[in-house]
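One structure is given below, encoded as structure tokens.
The values are calculated or read from the model by the stated rules, or taken from the named source; none is laboratory data. No experiment lies behind these values; they were computed from the predicted model shown. Cβ coordinates were reconstructed from backbone atoms using ideal geometry, including for glycine residues, and neighbour counts include every protein chain displayed.
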Amino acid sequence: MNEPVFLRKSAGLTLDEIAALTGATLGSPAPHARRILNIAPLDRAGPCDLTFLESRNFLSAAGATHAGACLTTAALAKELPEHVAVLTVREPYRAFVVAARELFPHALRPSSLSERGNRTGAHVDPSARMEDGVVVDPGAVIGARAEIGAGSVIGANAVVGEDVRIGRDCSIGAGTTISNSLIGDRVILHPGCKLGQDGFGFVMGGGGHLKIPQVGRVIIQDDVEIGAGTTIDRGAIRDTIVGEGTKIDNLVQVGHNVSIGRHCIVVAQTGISGSSTLEDFVVLGARVGLNNNVTIGEGAQIAAVSVVHGNVPPGARWGGTPAKPVKQWFREMTILAKLARKEGATKPAADE
């Protein structure tokens with residue numbers, strides 16, 4: 001079996017081009033015309049690879065690396081072998097990402113599975129409107145009166161419901177379903193996303209549970225990226241909104257009427273209950289749970305595996321179950337650990 005290759009070859013960058021792109025300072029002995037073709041970690045990098053070093057935790061790997069070039073800080077530059085072209089910069093990893101984006105621009109956005117987009121095997125309703133350059137993969141369904149902007153890709157077996165609007169240069173992953181939604185430009189939905197279905201709304205009673213009509217929409221603003229398997233429910237009585245530039249990981253649940261601000265980060269397996277609000281630049285770690293009607297203030301950060309029952313002020317850092325300010329949480333855990341050790345020391349040994 002031939003080894004599969006999934007990454008297209010890069011035309012590469014010279015060291016001078018990397019330095020100009022990242023604002024790094026290139027050591028004078030380095031051959032400035034050396035061409036870098038790939039990226040790799042310190043321990044796997046070869047002579048045509050770019051890597052980075054920003055922590056002393058990786059000095060052993062740095063000393064043995066075979067990389068062609070390395071982005072690092074001035075303080076760590078002396079730890080690299082002489083054959084490595086050293087580019088010094090204040091934030092090595094950020095500079096590494098900037099260079100990687102230039103080397104592999106096609107990796108920033110999923111492409112068509114068929115690479116043709118000739119719509120063979122797809123069903124496009126005659127009333128749907130698509131601008132030039134839209135790619136529709138086999139098995140996709142485009143519903144009545146849907147509108148899709150130029151340069152967008154609709155993956156295999158994706159379903160775009162009636163009256164849905166999708167902007168330009170979007171990527172809709174295979175198996176994704178979209179209904180009752182308006183989507184901006186340059187949005188990425190990875191495979192298996194579900195947008196616009198009914199939220200979980202019932203009035204409980206002894207005679208059965210009364211379903212609450214869900215009549216709102218999902219609105220996804222420009223430059224949002226949503227991971228595989230994530231679900232975003234339509235609003236019940238107001239729209240569910242995901243703000244510009246927000247990035248949502250895989251397997252996240254966003255309930256009805258939720259409002260997520262601009263440039264938020266929501267990590268995997270998080271659950272956001274209905275009518276909660278995330279203001280701009282909020283970060284939720286993995287497996288965070290938010291109760292109904294909670295507001296997380298601008299710039300606040302919630303630690304992984306925390307449960308939030310009340311409002312969090314702007315700029316705060318909270319964690320724990322129930323979540324509270326991080327310093328208080330750490331202090332309480334320290335006190336509990338001390339009490340447990342004290343109890344263990346004073347408890348009489350069990351009879352044999």
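Listed values, structure above:
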{"item": "Matching residues, the stretch 165-198, being farther than 18 Å from His106 by Cβ and among the small types (Gly, Ala, Ser)", "result": "Gly167, Gly175, Ser179, Ser181, Gly184, Gly192, Gly196"}
{"item": "Those strands (runs of 3 or more DSSP E) lying entirely in the stretch 149-258 with at least 3 residues under 24 Å from Ala128 (Cβ atoms)", "result": "181-183, 218-220"}
{"item": "Per-region count, the stretch 82-132, residues surrounded by 13 or more Cβ atoms within 10 Å (Cβ to Cβ), among the β-branched types (Val, Ile, Thr) and closer than 30 Å to Arg165 by Cα", "result": "1"}
{"item": "Output for the stretch 35-51, where each listed residue is within 18 Å of Thr22 (Cα to Cα), crowded, with 18+ Cβ neighbours inside 10 Å and out of contact with any Lys or Arg (no Cβ under 9 Å at 6 or more places or on another chain)", "result": "Ile36, Ile39, Asp49, Leu50"}
{"item": "Test set (1) in contact with a Ser or Thr (Cβ under 6 Å, 6 or more places away or on another chain); (2) under 19 Å from Gln328 (Cα atoms); (3) not acidic (Asp, Glu) - Val294 fails condition number", "result": "(2)"}
{"item": "The stretch 133-148, residues that are surrounded by fewer than 22 Cβ atoms within 10 Å (Cβ to Cβ), assigned to a loop (DSSP other than H, G, I, E, B) and at negative phi", "result": "Pro138, Gly143, Ala144"}
{"item": "Pick from the stretch 221-244, criterion under 19 Å from the mean Cα position of the chain (by Cα) and among the charged types (D, E, K, R), ranking: surrounded by the fewest Cβ atoms within 10 Å (Cβ to Cβ)", "result": "Glu244"}
{"item": "Checking Leu113 against (1) modelled with pLDDT under 95; (2) within 30 Å of Lys78 (Cα to Cα), the condition it does not meet", "result": "(2)"}
{"item": "Filter result for the condition that a residue is surrounded by 15 or more Cβ atoms within 10 Å (Cβ to Cβ), more than 16 Å from Ala95 (Cβ to Cβ) and touching a helix residue (DSSP H, G or I) at 6+ places or on another chain (Cβ under 8 Å), over Glu79, Glu54", "result": "Glu79"}
{"item": "Options Leu26, Leu50, Leu7: the member that is at pLDDT below 95 and closer than 30 Å to Leu113 by Cβ", "result": "Leu7"}
{"item": "Unique match (being more than 19 Å from Gly173 (Cβ to Cβ), in the same structural domain as Gly261 (by TED's automatic domain parsing) and touching a Leu at 6+ places or on another chain (Cβ under 9 Å)) among Arg234, Arg238", "result": "Arg234"}
{"item": "Residue check for Gly310: assigned by TED's automatic domain parsing to the domain that holds Val242, exposed (fewer than 13 other Cβ atoms within 10 Å of the Cβ) and not in a helix (DSSP H, G or I)", "result": "yes"}
